[in-house]
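Below is one structure; the comments refer to it alone.
The values are calculated or read from the model by the stated rules, or taken from the named source; none is laboratory data. The structure displayed is predicted, hence computed values, not measured ones. Note that each Cβ is placed from the backbone with ideal geometry, even for glycine, and that neighbours are counted across all protein chains shown. Surface accessibility is based on the protein's heavy atoms, side chains included, excluding ligands, DNA and RNA. Shrake-Rupley method; radii C 1.70, N 1.55, O 1.52, S 1.80 Å.
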Amino acid sequence: MHALVNPVNSLPWQHRFAGLGDTFSSRVAPTPLQHLHWIAQNTSLATELGLPTSLWGQDEWLQALGGSTELPGSQCLASVYSGHQFGVWAGQLGDGRALSLGEINTPMGIQTLQLKGAGMTPYSRMADGRAVLRSSIREYLCSEAMHGLGIPTTRALALVGSPDKVLREELETAAVVTRVAPSFVRFGHVEHFAAKGQTDALRRLTDFVIEHHFPHLLPVTGAQRYLSLLGEVTERTASLLAHWQSVGFCHGVMNTDNMSILGLTIDYGPFQFLDGFNPAHICNHSDHQGRYAYARQPQVAYWNLFCLGQALLPLTEDQDATVATLEGFKQDYPRRMNERFAAKLGFTDAQANDPALLEALLGLLATEQTDFTIFWRRLSHAVGHLAAHDAAHAFQAVRDLFIQASAWDAWLPLYLARLDKQDPVITSQAMLRTNPKFVLRNHLGEQAIQQAKIGHFDEIHVLHRLLSSPFDEHPGFDSHAAFPPEWASSIAISCSS
Ligand code: AMP
Ligand code: MG
């Protein structure tokens, strides 16, 4: 009998980013953690990646995804980047606790696998290279929740825990998330080489990004190639931000080093999905000025794109054309945002008065800080009830969300008139596919974290399943779609993770 080839040893690694050379990254071995154990295995993502199911039974796979051994054929490396943090140039940052293992060719295209929390790197500065269990659970669940919502994001393949202690405000335990993305290049990578005046490296990195991720721009020559890239990143970022706003997602730390060149949601830290609709909501307790408040996110994204545009100037060689390209955001974002909210409202086309109708609605949600997710879900069901009931009955459950219902009563007839002859059942079905029942509310994450701290991981698995298909009803799990409890507002999440 032939010995079976251990699948852990035969993954089809390639090393495109490493191939750029040591100007861009440093080889570094992970620092082992002790007594590794699985917390969560994202077997559905593994299947999407074409990884053999048998991997999960291999101890080598656990040791590798926990950062205790290097897989044959992988090349652990940390990349260097810089960035603007809270609006201020922060200089060199880099992968302080992220190690890329290399890329693999998958049915989802070429994907980089990256460990977060596997130990110190040359870019760890004063920190320990670790991630705590609490924040790793949040990243694992939220990246899959975003994917379930259809929002571009890095993914999470696995979550591995260790009893090894990590010091934050208190002693916690360590964990490692395996993240997956076509590229982990950030605006900050580009800014790094621009700030250093290394134009050759800047060009090589930017050409690398174009070659592998925007190959249709390869035939474009000269400065126009880089302007086109900037234009596409601007468009993707505008689209991403509209998507975030439409589900009430607050990122919390939109520093330029946390902005993906592919327009993915990246670096899950003190993020939060809004409970009550408060545009001024600040989810990061370290954000004293409210720079990254919910309503400011699109503006911040635009500011961050300016930093990218500035960094690309040595290649684009044209300040006016750069500004003109970035101006695209001012059309792209409102257009995308109107499209998203039109879909949430169930409209099948765009009409001139829609932005005013939406503004009035958001104003009334803000006045009472109405629960954002529950409002849209109830609205979606209510429209369906129009098939069999008059409007007063159909929308009763929505009206119940308001203490002062008069503003709602004034808005509803405008909405009904706008829905006009649209079929209520078909419209409702479409709305239920765009207004999720389940989002990763802070208190849900917190409950899973508290359970995990005493060794029970079931709630992580339950949430993972619900959030992977957040538009489905999931009978029996209504409590996960209910209003947050009183204590939810006292959860304080900061950058410390
Ligand atoms: P963040 O605020 O998580 O985006 O991190 C900003 C910078 O600090 C990045 O360069 C991170 O790699 C680095 N960093 C954050 N936490 C740690 C840590 N525990 N150890 C090493 N570097 C870290
Ligand atoms: Mg970061």
Wholly within the range 64-107, which strands (runs of 3 or more DSSP E) include no fewer than the required count, namely at least 1 residues that are within 13 Å of Pro30 (Cα to Cα)?
77-79, 98-106
Please enumerate the residues belonging to the range 221-237 that are closer than 18 Å to Gly150 by Cα and either open to solvent by 10 Å² or more (accessible area, probe 1.4 Å) or within 16 Å of ligand 1 (Cβ to nearest atom) (or both).
Glu235, Arg236
What pairs can you find where one residue is in the range 33-44 and under 16 Å from Ile137 (Cβ atoms), the other is open to solvent by 70 Å² or more (accessible area, probe 1.4 Å), and their Cβ atoms are less than 8 Å apart, with a gap of 6+ or different chains?
Ala40/His461
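Yes/no matrix, rows are residues, columns are (1) under 30 Å from the mean Cα position of the chain (by Cα); (2) exposed (fewer than 14 other Cβ atoms within 10 Å of the Cβ); (3) in a loop (DSSP other than H, G, I, E, B):
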position	(1), (2), (3)
Tyr333	yes, no, no
Phe347	yes, no, yes
Leu362	yes, no, no
Trp376	yes, no, no
His381	yes, no, no
His389	no, no, yes
Tally up the residues in the range 415-431 that are open to solvent by 50 Å² or more (accessible area, probe 1.4 Å) and either under 15 Å from Phe341 (Cβ atoms) or of a type in the set (Val, Ile, Thr) (or both), please.
3
Quick one: is Asp267 over 30 Å from Phe402 (Cβ atoms), within 16 Å of ligand 1 (Cβ to nearest atom) and in a helix (DSSP H, G or I)?
no
Hits in the range 99-125 (condition: within 17 Å of the chain's Cα centre (by Cα) and open to solvent by less than 20 Å² (accessible area, probe 1.4 Å)):
Gln111, Thr112, Leu113, Gln114, Leu115
Flag if Gly57 is open to solvent by 10 Å² or more (accessible area, probe 1.4 Å), of a type outside the set (A, V, I, L, M) and under 21 Å from His37 (Cβ atoms):
yes
Evaluate the range 238-252: report whether one residue or more is open to solvent by 10 Å² or more (accessible area, probe 1.4 Å), within 16 Å of ligand 1 (Cβ to nearest atom) and modelled with pLDDT of 95 or more.
no
Looking only at the range 396-441, which residues are part of a helix (DSSP H, G or I), farther than 15 Å from Ala360 by Cβ and of a type in the set (Asp, Glu)?
none
Would you mind telling me which numbered condition in (1) at pLDDT 95 or above; (2) open to solvent by 10 Å² or more (accessible area, probe 1.4 Å) His285 fails?
(1)
Give the residue that is nearest to Ser136 (Cα to Cα), with candidates limited to residues of the range 8-32 that are assigned to a loop (DSSP other than H, G, I, E, B) and small (Gly, Ala, Ser).
Ala29
Determine which member of the set Asp128, Asp164 is within 16 Å of ligand 2 (Cβ to nearest atom), under 30 Å from Asn42 (Cβ atoms) and open to solvent by 10 Å² or more (accessible area, probe 1.4 Å).
Asp128
If Ser74 meets every condition in (1) out of contact with any Pro (no Cβ under 9 Å at 6 or more places or on another chain); (2) within 16 Å of ligand 1 (Cβ to nearest atom); (3) small (Gly, Ala, Ser); (4) open to solvent by less than 50 Å² (accessible area, probe 1.4 Å) apart from one, which number is that one?
(2)
Report, by residue number, each residue of the range 376-398 that is under 17 Å from Leu358 (Cα atoms) and either outside the structural domain of Gly363 (by TED's automatic domain parsing) or charged (D, E, K, R) (or both).
Arg377, Arg378
Condition first: within 21 Å of the chain's Cα centre (by Cα) and open to solvent by less than 60 Å² (accessible area, probe 1.4 Å). Now tell me which residues in the range 302-325 satisfy that.
Tyr302, Asn304, Leu305, Cys307, Leu308
Residue that is nearest to ligand 1 (Cβ to nearest atom), among those in the range 109-130 that are in a loop (DSSP other than H, G, I, E, B) and closer than 14 Å to Arg179 by Cβ:
Gly117
